[in-house]
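Scroll down for the structure; my scribbles are underneath it.
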Amino acid sequence: MHYAPAPLHIPDGFLNVTVSAICWVITVIVIGMAVSRTNKSLGEKQVPLMGIMAAFIFAAQMINFPVAGGTSGHLLGGALAAIVLGPWAGMLVMTAVIAVQGLLFQDGGLLVMGANILNMGLLTAAIGYGLYRSVMNKSTGTKLAVAGVAAWLSVMAGALATALQLWLSGTSSLQTVTIAMLSVHALIGIGEALITVAALSFIFRTRPDLLGEGSVSAEGGRGWIAAGVVVSLLVVLLSPLASANPDGLERVATDLGFIEAGQAAPYEIIPNYTLPFLGETPLSTILAGAIGALIVLGIVVATGRSLQKKTS
Amino acid sequence: MHFDAFDRYHDTGSFIHRLDPRVKVVVTVAYILSNALLPDGAWTAFGLAWLFLLFASALSNLGPGFTFKRSFIALPFALAAVTVLFSIPGSPLSTFHFLFWNLTITDMGLLRFVSIVVRSWLSVQMAILLVATTRFPDIVHALEHLRVPAILTTIIAFLYRYLFVLVDEVFRLLRAREARSAAAPGSRSGGSAAWRARVAGNMAGQLFLRSYERSDRVYNAMLARGYTGRLNTIHPHEMHRMDYIVTVLALFIILLFQLIGRI
Amino acid sequence: MTNVLSVRNLRFSYHDHHEALRGVSFDLCEGDKVALVGPNGAGKSTLMLHLNGILRGQGEVMVGGERLTRDNLPAIRAMVGLVFQNPDDQLFSPTVFEDVAFGPLHMGLPKDEVIARVEAALQAVRMSNYRDRMSHHLSVGEKKRIAIATVLSMKPQILVLDEPTAGLDPRARRTLINLLRDLPITMLVSTHDMRMVQELFPRTIVMDEGLIVADGRTEDILADEKFLNEHGLEKV
């Protein structure tokens, strides 16, 4: 028995520090919100539930089925987790899964874990839950159909986000990586959609109470619909732009100073990569880098602390 | 059945094994951060970082090939970086024809590509060393000490504990599926891809329900031992003088790599 | 002898209106070792979940002379140590130490006391050198013994065990039976293992369809073949 890595997990070395840090900041903020929400709204029963559900997602990712030409489909689970556990709990569960995959199996790096959590845990949950939530009161058939579309789209969102991060880090050229990522994951997403729908319909048949009114699944507010739709629209709009007309996006990124930052070494949070009073010496560059890193660290720690306070 | 293949810990009782897990987590992250910060083509610094890794491996008594043998897990991802070979402007090294493209490898492109692969290769080995020398529950303790929210570390601890139980269940389900997927002579086994996905989805649903019911029983077991919604943990680790010395020394050396990499 | 546990006219229905307990009454005295037998679905597990207030039905449960209410729940839970059938449900922490420490920690004991209790509990089940082991590396028999340690560390007055010998090979079963014999504590054990009942427990309670149908000397109950057959039990 071996552990097979999945294609969306970015290893260390492929994203630069700026992109990794930005992803970490977004991830830490969203997880912080999830932590405070789950502490507030969910009962004490949720702790073992989320823990064992995390093990479930991990184990369910090992259920594969042969598709065509020697490839096999399997589950990523972000959309499924968010639909059955509610969005915040789903995000925490996916975060734990990705953290263990990175820490224990080196499937996905540590410095880039923020990006991996964002791509596979947060975006997938937002789309999966948001779209599903919009048809919560409709018939089971509608719910399953929308869940399938949401599952497929969630994988595409993860793939697109990965491609964009690789490009912004100067690791890949935009058009190639977008086309490659999206076309591979358009197929993987079909597997994701099929398994998600089949698993949900199994639950609808055997334990409809787990997905009905009053269940954790129904706890997400209507704001999630907006979040799901916005992320979905971004995927739908950015995908063709990045794969067919990359010049536009490249220009935006250059204007924002991103491409420069991506291509050169990544300590450019401070303008001109040096501290003015030290002049253009290596020492100045290193100090500038260190200060940049400290600022990022400070933000991360401060966010963590403030959330920690809420939780204890 | 035991899936010991999931255990990455190799006990040799070495100096590195006995260090406080916090030290190892912090140094590993600093090392990976340092690799990411080194500019492309900082070969001296990359070389020294490699020596640092070899030295840490030697100290942990795992044998020189241990991390090397397992370091190729991230290699397939290098495909994602192949395009920089051609896309970064520089003087052409070689041109070849692939399908209907003429591709030119540039010197700057090659420099960047090799740098990315080296960064990844060094970083993944340090992460391998971390889990080989630190038991996973201790890594979770380190995260607790380093102020990761308790709810996350608890989920991770549960995940680790039940990973083995649930993966066992998955393999029982998979074996049951295999035992029943016979094929008539001359015909292909199994139905359409959609049908196979449905079977897989039913298995996922089945597993979900069993997990859900198990979480009920675990919750009862927690209640029976006084759980009221607040989790109390005991912090079994204490930093000793040696732990502080190693941390400072390692971070200093890693800082030196940055200095050397930029001159 | 002092009465440590008494149950009076306990009734309980699950959400699907299935009546699992239909008026159950019995007493345990200090030092009693009592077997609880009966076919699957007789209500044994449901009864056990009432003894430290995880389920709350109609009727009365008195532990150590105190009536179980919402307010004294934490105290009662420390007095009645419940060991579940499946040790994978009981052992939910990554390491043995953390699991055995869970109970004392949640009783709010100081760190030194917690550590001392963990050592003592592991000693009692003869697993002292397993302190730092990881739970998923243990055999079923080892897990069962650690599961008992996880409640012994709370120093309960009564030990309630659900199917302790289920799924054990003969040697692990023997080890466990010897352990139960040597533990100097009041004990209520639900089981299908009639040979263990005969060997270990002077008194037996028989349940069927949510009622206690017999409560008396094990010798007498095991001798009545017709009665045993009626309630789906086997003569040893």
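The values are calculated or read from the model by the stated rules, or taken from the named source; none is laboratory data. Computed from a prediction, not measured in an experiment: that's the story for all the values here. FYI the Cβ positions are ideal-geometry reconstructions off the backbone, even for glycines, and counts take in every protein chain you see.
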Residue list for region A:125-144, filter: touching a residue at least 40 places away in the same chain (Cβ under 8 Å) and of a type outside the set (Lys, Arg): A:ALA125, A:ALA126, A:ILE127, A:GLY128, A:TYR129, A:GLY130, A:LEU131, A:TYR132, A:SER134, A:MET136, A:THR140, A:LEU144
Residue check for A:ILE52: more than 7 Å from chain B (Cβ to nearest Cβ) and modelled with pLDDT of 85 or more: no
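Residues are listed down the side, and each one gets a yes or a no for (1) modelled with pLDDT under 95; (2) within 14 Å of chain A (Cβ to nearest Cβ); (3) farther than 15 Å from B:ALA250 by Cβ:
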residue: B:HIS2; (1), (2), (3): yes, yes, yes
residue: B:ASP7; (1), (2), (3): yes, yes, yes
residue: B:HIS10; (1), (2), (3): yes, yes, yes
residue: B:VAL23; (1), (2), (3): no, no, no
residue: B:TYR31; (1), (2), (3): no, yes, no
residue: B:ASP40; (1), (2), (3): yes, yes, yes
residue: B:PRO64; (1), (2), (3): yes, no, yes
Restricting region B:123-175 to residues that are at the interface with chain A (Cβ under 9 Å from one of its Cβ atoms) and basic (Lys, Arg), the residue that is surrounded by the most Cβ atoms within 10 Å (Cβ to Cβ): B:ARG161
Number of positions in region C:118-137 that are more than 20 Å from the chain's Cα centre (by Cα), in a helix (DSSP H, G or I) and more than 9 Å from chain B (Cβ to nearest Cβ): 4
So B:ILE234, is it out of contact with any Ser or Thr (no Cβ under 6 Å at 6 or more places or on another chain) and touching a residue at least 60 places away in the same chain (Cβ under 8 Å): no
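Give C:GLY108, C:GLY65, C:GLY59 a once-over and let me know the one that is in contact (Cβ under 8 Å) with a residue 40 or more places away in the chain, exposed (fewer than 15 other Cβ atoms within 10 Å of the Cβ) and farther than 25 Å from C:ASP193 by Cβ.
C:GLY65
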Failed condition for A:VAL149, given (1) facing chain B (nearest Cβ under 9 Å); (2) surrounded by fewer than 24 Cβ atoms within 10 Å (Cβ to Cβ); (3) not small (Gly, Ala, Ser): (1)
Criterion (in a helix (DSSP H, G or I), assigned by TED's automatic domain parsing to the domain that holds B:PHE15 and at pLDDT 90 or above) met by exactly one of B:VAL118, B:VAL140: B:VAL118
In region C:138-159, residue surrounded by the fewest Cβ atoms within 10 Å (Cβ to Cβ) [restricted to those that are of a type in the set (D, E, K, R) and not in a loop (DSSP other than H, G, I, E, B)]: C:GLU142
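A quick yes/no check of all residues on (1) within 13 Å of chain A (Cβ to nearest Cβ); (2) among the polar types (S, T, N, Q):
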{"site": "B:TRP50", "(1), (2)": "no, no"}
{"site": "B:PHE68", "(1), (2)": "no, no"}
{"site": "B:PRO76", "(1), (2)": "yes, no"}
{"site": "B:GLY90", "(1), (2)": "yes, no"}
{"site": "B:THR104", "(1), (2)": "no, yes"}
{"site": "B:MET108", "(1), (2)": "yes, no"}
Meets criteria (facing chain B (nearest Cβ under 9 Å) and either at negative phi or surrounded by 21 or more Cβ atoms within 10 Å (Cβ to Cβ) (or both)) for C:GLY103: yes
Those residues of region B:202-228 which are at the interface with chain A (Cβ under 9 Å from one of its Cβ atoms) and part of a loop (DSSP other than H, G, I, E, B), in sequence order: B:TYR227, B:THR228
Identity of the residue in region A:202-218, free of Cβ contacts under 8 Å to residues at least 60 places away in the same chain, assigned to a helix (DSSP H, G or I) and within 11 Å of another protein chain (Cβ to nearest Cβ), that ends up nearest to A:GLY77 (Cα to Cα): A:PHE202
Complete set of residues in region C:214-232 that are out of contact with any helix residue (DSSP H, G or I) (no Cβ under 8 Å at 6 or more places or on another chain) and outside any helix (DSSP H, G or I): C:ASP215, C:GLY216, C:ARG217, C:ASP224, C:HIS231, C:GLY232
Set B:PHE96, B:PHE100: member being touching a strand residue (DSSP E or B) at 6+ places or on another chain (Cβ under 9 Å) and modelled with pLDDT under 95: B:PHE96
Members of region A:180-191 found to be at the interface with chain B (Cβ under 9 Å from one of its Cβ atoms), of a type in the set (A, V, I, L, M) and either touching a strand residue (DSSP E or B) at 6+ places or on another chain (Cβ under 7 Å) or surrounded by fewer than 24 Cβ atoms within 10 Å (Cβ to Cβ) (or both), listed by number: A:ALA180, A:ILE190
From A:LEU200, A:LEU194, A:LEU166, residue being surrounded by 24 or more Cβ atoms within 10 Å (Cβ to Cβ), in the same structural domain as A:ALA79 (by TED's automatic domain parsing) and farther than 21 Å from A:LEU131 by Cβ: A:LEU166
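Table: residues versus (1) closer than 25 Å to B:VAL26 by Cβ; (2) in contact with a Gly (Cβ under 9 Å, 6 or more places away or on another chain).
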| position | (1), (2) |
| --- | --- |
| B:PRO39 | yes, yes |
| B:ALA42 | yes, yes |
| B:PHE46 | yes, yes |
| B:PHE96 | no, no |
| B:VAL117 | no, yes |
